[in-house]
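Contents: one structure, followed by commentary.
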Amino acid sequence: MLLGNLHCLTSVLMVLGVSVAWADTATPVDEGSLGYKIEIGRHERLVKARLPGSVKLAPFKSDGCSGGQSAGWDLLARTFPELARRHGDMPPWQQCCVAHDRAYHAAGGRRADAEASYAARRRADEQLRQCVIRSGEGRASVLMTDYGLSPGQTSALYRSIADVMHRAVRVGGVPCSGLSWRWGFGWPQCN
């Protein structure tokens, strides 16, 4: 109950724009951090769920960018053809989401203990953030030409998108949540 309430509070604070540093990926794993304390038990449950030798990793499949982001972009692109012409049928950072889904699917692999699983998830989330930023760098000249943005504005735009996505996956991607996009979604559901 306490964990659920902490995750709910963290989600609300993040939506309101309040920085919650319980999952700081810029520092090494700190076993005393609030994020670690909240999350490590879920990684332990995931490890137990995949221990039996008969348990197999499901075939990989991706929903693209979770939380309806890819589906919403697709709808907008079909509704507004100009958006699709300028930016594509899917988010420009779609490949980042698929790579992130691959990491989430396997959750560090069968042999990862809870500590390794926790560290692998933090790395995967930071890699997603960095990939989205790089996708913006690759599109900067197009955005500057089409919208008259400065290099600083295009960088700030993609950093903001990357930061919001990073916060969302840190809160919404914990293992053993029952969500289809949870850490370890390729393994059986945790008890």
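Take Lys48, project a point 7 Å from its Cα along the Cβ direction, then tell me which residues of region 149-191 have their backbone nitrogen under 20 Å from it.
174-179, 182-191
Return the aspartates and glutamates within reach of Lys61: Cα separation strictly under 12 angstrom, same-chain partners fewer than 8 residues apart disregarded; answer none if there are no such residues.
Cross-link targets: Asp101.
Leaving out same-chain residues fewer than 8 places away, which aspartates and glutamates sit with a Cα under 20 Å from that of Lys37?
Correct list for Lys37: Asp24, Asp113, Glu115, Asp125, Glu126.
Just the number, please: Stokes-Einstein D of region 49-191 in µm²/s, Kirkwood Rh from C-alpha pairs, 37 °C, 0.692 mPa s.
Value of D from the Cα-based Kirkwood radius: 201 µm²/s.
Only the coordinates and a few stated rules stand behind these numbers; no lab work does. Source: prediction; values computed, not measured. Note: ideal-geometry Cβ built from the backbone for every residue, glycine included; neighbour counts use all protein chains shown.
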